[in-house]
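Working notes for the structure below.
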Amino acid sequence: MTRIGLLSDTHGYLDERIAHHLRDCDEIWHAGDFGDSRVVDELEALAPRFRGVYGNIDGTDVRRSQPLVQDFELEGLRVLITHIGGYPGHYAPAARPLLDSTRPGLFITGHSHILRVMPDPRRHLLHLNPGAAGRHGFHQVRTLLRFGIEAGKVVDLQAVELGKRGSSGSHCEGNAA
């Protein structure tokens, strides 16, 4: 089993709770809107493998190191990650041809700041959006997801609440300490 930590929409903000919840992950994935290349660097240092995609707010520093789409297979599961992709029944226009051509078993997006776990029986996939781990946006609670991938399936899925969006408890701006 490969243990995954999934987050999105950090918008330049990481706190030590993120590092705490991701410390035992084999891979960390970020579904876009890093907000700063320092966030990429900090997340890359936390796990043996890091995968991310750039989002609509990311500048050229992040876009140089992160693709628009990640398409790969892990433990027998085809995974597709992009920042703006929508969700079952409401996929973004650009996502539909990607889904049709790649036929992933797991489709991951960010952008909405809404934590969402939804099966799509029509496309035979599971959709995940980890919500937003940063402080900017309309979401009320900062979130991320943890799960495993084993024998082509998502297992042990957990939603993690990181605290209220505006809380300024113990944190490090741009540092996952």
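Within region 142-167, being open to solvent by 10 Å² or more (accessible area, probe 1.4 Å) and among the basic types (K, R) holds for R146, K153, K164, R165. Based on what the data block shows, is P88 of a type outside the set (F, W, Y), open to solvent by less than 70 Å² (accessible area, probe 1.4 Å) and either farther than 18 Å from G52 by Cβ or in contact with a Lys or Arg (Cβ under 8 Å, 6 or more places away or on another chain) (or both)? Yes: the conditions hold for P88.
If you go through region 15-34 and pick out every residue that is touching a residue at least 12 places away in the same chain (Cβ under 8 Å) and open to solvent by 40 Å² or more (accessible area, probe 1.4 Å), you end up with 6.
Of R142, R116, R146, R49, which residue is under 15 Å from the mean Cα position of the chain (by Cα) and at pLDDT below 95? Just a single option satisfies the conditions, and that option is R142. Number of residues in region 104-138 that are farther than 17 Å from Y54 by Cα and without any contact (Cβ under 8 Å) to a residue 60 or more places away in the chain equals 18. Does region 2-14 include one or more residues that are surrounded by fewer than 20 Cβ atoms within 10 Å (Cβ to Cβ), over 14 Å from the mean Cα position of the chain (by Cα), of a type in the set (V, I, T) and farther than 24 Å from V117 by Cβ? No - not one qualifying residue is present in region 2-14. Only one entry in R78, R96, R63 is open to solvent by 80 Å² or more (accessible area, probe 1.4 Å) and touching a residue at least 24 places away in the same chain (Cβ under 8 Å), namely R78.
Which of the residues belonging to region 116-141 are in a loop (DSSP other than H, G, I, E, B) and either in contact with a Pro (Cβ under 6 Å, 6 or more places away or on another chain) or surrounded by 15 or more Cβ atoms within 10 Å (Cβ to Cβ) (or both)? Across region 116-141, the qualifying residues are R123, G131, A132, A133, G134, R135, H136, G137, H139. Answer yes or no as to whether G110 is in contact with a Ser or Thr (Cβ under 6 Å, 6 or more places away or on another chain) and within 24 Å of G5 (Cβ to Cβ). So G110 fits the description; yes.
The values are calculated or read from the model by the stated rules, or taken from the named source; none is laboratory data. Small disclaimer: the values here were computed from a predicted structure and weren't measured. Cβ coordinates were reconstructed from backbone atoms using ideal geometry, including for glycine residues, and neighbour counts include every protein chain displayed. Side chains included, ligands, DNA and RNA excluded: accessible areas come from the protein's heavy atoms. Shrake-Rupley method; radii C 1.70, N 1.55, O 1.52, S 1.80 Å.
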